[in-house]
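**Q** Shown below is the structure under consideration.
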Amino acid sequence: MPNPGGSAVHHLVTRRRLGGGTPPAALREPCCGSIDTQPVTCAGPSNAGAFTFDKVATWRDDAKAAYSMIHDDFCGPALRGIDMYAVPALAKRKLTAAVGPFVQVCQQGNIWNIVQTAEDNGNEIVNHSYTHPNITTANAPLEVVMSKAQFDMRIRNPITFFIFPFDFWTADTVKAVSDAGHFGARAGVRDTFDGFANPPLNPPEPTNDLALVFDVWPRTYSKYALFQSNDVLNQHVWSAVDRGVYAVREMHSISPADLPPQDGSQGFGPVPLRVYEDHLDFLVNAWKANLVWTSPPSSVIRYRHARAKCMASVSANTVNFDTTDPECVKFATPISVIVHTANDVPGVKAIQSGAAVFTRKLGPMTFSIDADPTAGGVTLEGCATPSSTVDPTVQLPARPMPAKSVCDLQKVIGKGGNGSMDSLDRLPEELRIIPNPDQADGRTGSWSWYPATAQGAAILREGMNGYLRYSAANLGAFAGTTLAFLGGNGAGSCYDGTAYKGIRFKIRGSVAATDSLAGSIVVSVITAETQTQKYGGDLKGVGGHFHKIIPITPDWQTVQIAWTDLDPPVFGDTLGLTHLATNKLQAIDWGVTSAATKFELNLDEIYLY
Ligand SMILES: [Zn+2]
């Protein structure tokens, strides 16, 4: 049976907004270490002997991995935690990230100054559209092209990277982003990834600039749903370090609270400041050990190209560059040339066009020289003052360990009684509000749908009555809509519905299909036991769910399905299960198979009984 849309990222409807009375900044005091960014100030020479060329490093200073953090929805009135907490917390550690404003909220708040301040601190400004809709080819002239022009008028470095609102994109809209002058985008297909053997990571080679894959905070939207929330950020970095690759983190605002509100009043899934600062301190220490280079996405993309296309060599005491490849010039950025010295000196002074460039001692007689190949040769000289050094003994937190079940991380036990899940009698724009105001008995869950390429579900009205409609044609994919027991899609959590006997709902519609399921809908009950780890369940592999195939008619009918009447899974790694795990419920799913050519699904009055 189909998976619920556990992979797509959906922002929440914001019912309340954080007012002017935002809590005061509470950044950690005394603060923290920081990374080195300044060239060595050489007090006197030290005889290095001959310099020899080793290689151009895969990542800056030959770190094992690269990592970018992106804060979405910057300038949003509910997300001032980004400029109040994230930007200063990064600056104290000399770390940099990307912030993704959309034009409309910066304009409405008249707060272009916070965008400029973020840039002045070395952070990258990335384009998150003009008004934050789903991007289409029809709205791309405003949302992709005009938005870039608006940002470029107000910041120093022209925008080169795009992040799609709701992480919704198509091949055509990615092309529109490229055509508008962005060379990178966060738009990778994440469905195939999990938090274990196959995490969402990008290669060292510049093969996917416009399709960077990423992980999403919070845990219930992350591929690392089986890890403690506090471990999710670091675990993604460890994944990249272990493989020598590039990790991208999507998050939104920072909250001063340890348990931030999940109702959108501080944006989508805010990161607690304490967790964020712990993560930044981890990044500083991981930098000291030369495990990870943290930098904004365009700088990592530039590096991937430049190190492959700009040739370097050493003759006598000079690093020379060959910049004849146009790609070297287009993506010009400092690359790390690794050189050896004949004598083990404390430091190396490196001068390019009269100015010192950054050097780092990686080990005995081994130095990294960071220079932009298009700025000319670099003269090297041994120095008695130490260059920035690598400290392999630095203390790092223990490797995170996953839980056995997501139920160990988040579980709500229903008492029975009020079984309301959704009457859908509310404003259409509140369809996906969390907590869902119609849920009862500890439930909070909202709606999602799949595939990601479909327009999705909406609330329609007949008189006073609202109901949900999801319709599409020729998707050629499993399609459906999902009501979670907890959170956005039920991922990473468990609801114990043992106190109830089953589900009841009203349904009407039609299904045209080329297989025997024409005229039928598959109702699946997703549990942590049958849901794959890729989508926030416990299942190591992939398998079917407990389900019931029911006829769908043009007139409303009320359907009642007991937990015990569900048919067992019919494929994959859940074959052989005989009983629904009513204590591990994640979501109810109404879907069609890829053989459906056209369907219209209307749902109303969804209850547990
Ligand atoms: Zn957004």
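**Q** For region 194-210, which residues satisfy the criterion of being in a loop (DSSP other than H, G, I, E, B) and either open to solvent by 30 Å² or more (accessible area, probe 1.4 Å) or under 23 Å from residue 124 (Cα atoms) (or both)?
**A** Within region 194-210, 196, 197, 198, 200, 201, 203, 204, 205, 206, 207, 208 qualify.
**Q** Is it the case that region 529-549 has a residue that's over 32 Å from the mean Cα position of the chain (by Cα) and either more than 30 Å from residue 196 (Cα to Cα) or surrounded by 15 or more Cβ atoms within 10 Å (Cβ to Cβ) (or both)?
**A** yes
**Q** Every residue in region 170-185 that is assigned to a loop (DSSP other than H, G, I, E, B) and within 16 Å of residue 207 (Cα to Cα), please.
**A** 182, 183
**Q** Also, I was wondering about something else. Inside region 151-173, can you point out the residues that are more than 15 Å from the ligand (Cβ to nearest atom) and open to solvent by 30 Å² or more (accessible area, probe 1.4 Å)?
**A** Within region 151-173, 152, 153, 154, 156, 157, 158, 170, 171, 172 meet the criteria.
**Q** Taking the residues in region 116-129 that are under 22 Å from the mean Cα position of the chain (by Cα) and more than 15 Å from the ligand (Cβ to nearest atom) as candidates, determine which candidate is farthest from residue 267 (Cα to Cα).
**A** So, considering only residues that are under 22 Å from the mean Cα position of the chain (by Cα) and more than 15 Å from the ligand (Cβ to nearest atom), the one farthest from residue 267 (Cα to Cα) is 122.
**Q** Condition check: aliphatic (A, V, I, L, M), under 28 Å from residue 70 (Cα atoms) and not in a helix (DSSP H, G or I). Does residue 369 satisfy that?
**A** Judged against the criteria, residue 369 is a match.
**Q** Here's something else I'd like to know. Scan region 229-243 and give yes if some residue there is assigned to a loop (DSSP other than H, G, I, E, B) and open to solvent by 20 Å² or more (accessible area, probe 1.4 Å), otherwise no.
**A** no
**Q** Given (1) free of Cβ contacts under 8 Å to residues at least 40 places away in the same chain; (2) farther than 28 Å from residue 242 by Cα; (3) of a type in the set (Phe, Trp, Tyr), identify the lone condition not met by residue 166.
**A** Among (1) free of Cβ contacts under 8 Å to residues at least 40 places away in the same chain; (2) farther than 28 Å from residue 242 by Cα; (3) of a type in the set (Phe, Trp, Tyr), residue 166 violates only (1).
**Q** For region 304-319, enumerate the residues that are open to solvent by 60 Å² or more (accessible area, probe 1.4 Å) and not aliphatic (A, V, I, L, M).
**A** 309, 315, 317
**Q** If you scan region 211-228, which residues turn out to be touching a residue at least 60 places away in the same chain (Cβ under 8 Å), part of a strand (DSSP E or B) and of a type outside the set (Val, Ile, Thr)?
**A** Matches in region 211-228: 212 only.
**Q** Starting from residues that are away from the ligand (no atom under 16 Å from the Cβ) and not in a helix (DSSP H, G or I), keep the ones in region 69-96 and report whichever is surrounded by the most Cβ atoms within 10 Å (Cβ to Cβ).
**A** Applying the filter and picking the extreme gives 95.
**Q** Among strands (runs of 3 or more DSSP E) lying entirely in region 502-592, which contain 1 or more residues that are modelled with pLDDT under 95 and at positive phi?
**A** Ranges flagged: none.
**Q** I would also like to ask the following. Being within 15 Å of the ligand (Cβ to nearest atom) and surrounded by fewer than 14 Cβ atoms within 10 Å (Cβ to Cβ) is the filter here, so list the residues in region 130-150 that pass it.
**A** Once the filter is applied, which keeps residues that are within 15 Å of the ligand (Cβ to nearest atom) and surrounded by fewer than 14 Cβ atoms within 10 Å (Cβ to Cβ), region 130-150 yields only 131.
**Q** Being free of Cβ contacts under 8 Å to residues at least 24 places away in the same chain and more than 30 Å from residue 238 (Cβ to Cβ): is that true of residue 110 here?
**A** yes
**Q** Just need a number here: residues in region 174-189 that are within 30 Å of residue 532 (Cα to Cα) and within 16 Å of the ligand (Cβ to nearest atom).
**A** 3
**Q** Take residue 100 and decide whether it is under 16 Å from residue 151 (Cβ atoms), among the small types (Gly, Ala, Ser) and within 16 Å of the ligand (Cβ to nearest atom).
**A** Spelling it out, residue 100 is indeed under 16 Å from residue 151 (Cβ atoms), among the small types (Gly, Ala, Ser) and within 16 Å of the ligand (Cβ to nearest atom).
The values are calculated or read from the model by the stated rules, or taken from the named source; none is laboratory data. Predicted model, so just to flag it, every value in this text is computed and none were measured. Because the Cβ atoms are built from the backbone with ideal geometry, glycine has one as well, and the counts that use them run over all protein chains shown. The area values use the complete protein model at the heavy-atom level, side chains included, leaving out ligands, DNA and RNA. Shrake-Rupley method; radii C 1.70, N 1.55, O 1.52, S 1.80 Å.
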